[in-house]
1. How many of the residues in region 118-149 are under 36 Å from the mean Cα position of the chain (by Cα), in a loop (DSSP other than H, G, I, E, B) and crowded, with 16+ Cβ neighbours inside 10 Å?
2. For region 79-112, which positions are of a type in the set (Ser, Thr, Tyr), in contact with a strand residue (DSSP E or B) (Cβ under 9 Å, 6 or more places away or on another chain) and under 20 Å from Pro162 (Cβ atoms)?
3. Taking region 84-105, which residues are surrounded by fewer than 20 Cβ atoms within 10 Å (Cβ to Cβ), closer than 24 Å to Val62 by Cβ and of a type in the set (S, T, N, Q)?
Amino acid sequence: MLLVFNEDVSHLRIGVINFRHNAAILVLCFSDQLFMKISAVFQVFYYAFLALLFSLAAFFLVSFLPIKGNYVILTVLSGSMEPAIKTGSIVAIHPASSYRTGDVITFGAIGKDKIPVTHRIQETKVINGETVYVTKGDANNSADAAEVPEPLVHGKVFLTLPYVGYAVSVLRKPIGFFSMIAIPLVLIIAGEVKSIYREIKKKKNQQDRKTKPKEEKPQNPNKDNQNG
């Protein structure tokens, strides 16, 4: 009985070892598939991000071309025009031949230390033959104190991209630009390297199976005894 019990225990141990081995293989396969799925998702987001980045870059570059009547891109730094234009948005403006009540215009000096204002026209006046505008921020309770002469108007807002200004601020910093490009790129390269490694390993296993000599089946000794 003791020998049988030991034999059962040994079989049980072998079964546990096999179970652990199979479980480990399943975990590795699952983690590998999960990594590949995550890598694929990152690839989609990365290429979409690159497409958006190149589109924005082209959009910004065109604004710097010395074209008459070309548009200008500015970043909104305050919430005076919310909810129509949120803080951190970028606005694209272009000059117009005339402006009317309800238009969102940008006016004031533009420079390194001078920030223009983007507000909505609330009223149009003509004083001494000169057109001036009464402006107001949508989020403000009262109109702006100073009326805006038409020559000081840079243009009318024709495009607003919410929160893109924050991304532009990050991309202007070397560490931000490097991180947004490098991190997804490293994950994609890691996924590709792992795929290549698996393919090489698969081909090597196939080659080993082809070159492995076939084992000859042992002859049945009872067959000779029967013939004898």
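1. Residues meeting the conditions: 1.
2. Within region 79-112, Ser80, Ser89, Thr106 meet the criteria.
3. Residue satisfying the conditions is Ser97 alone.
Residues checked against (1) of a type in the set (A, V, I, L, M); (2) touching a Lys or Arg at 6+ places or on another chain (Cβ under 8 Å); (3) modelled with pLDDT of 95 or more; (4) not in a loop (DSSP other than H, G, I, E, B):
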site	(1), (2), (3), (4)
Lys114	no, no, no, no
Pro151	no, no, no, yes
Pro184	no, no, no, yes
Leu187	yes, no, no, yes
Lys202	no, no, no, yes
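The values are calculated or read from the model by the stated rules, or taken from the named source; none is laboratory data. Owing to the predicted nature of the structure, the values given are computational and were not obtained by experimental measurement. A quick note on method: Cβ atoms are made from the backbone with ideal geometry, for glycine too, and the neighbour counts reach across all protein chains shown.
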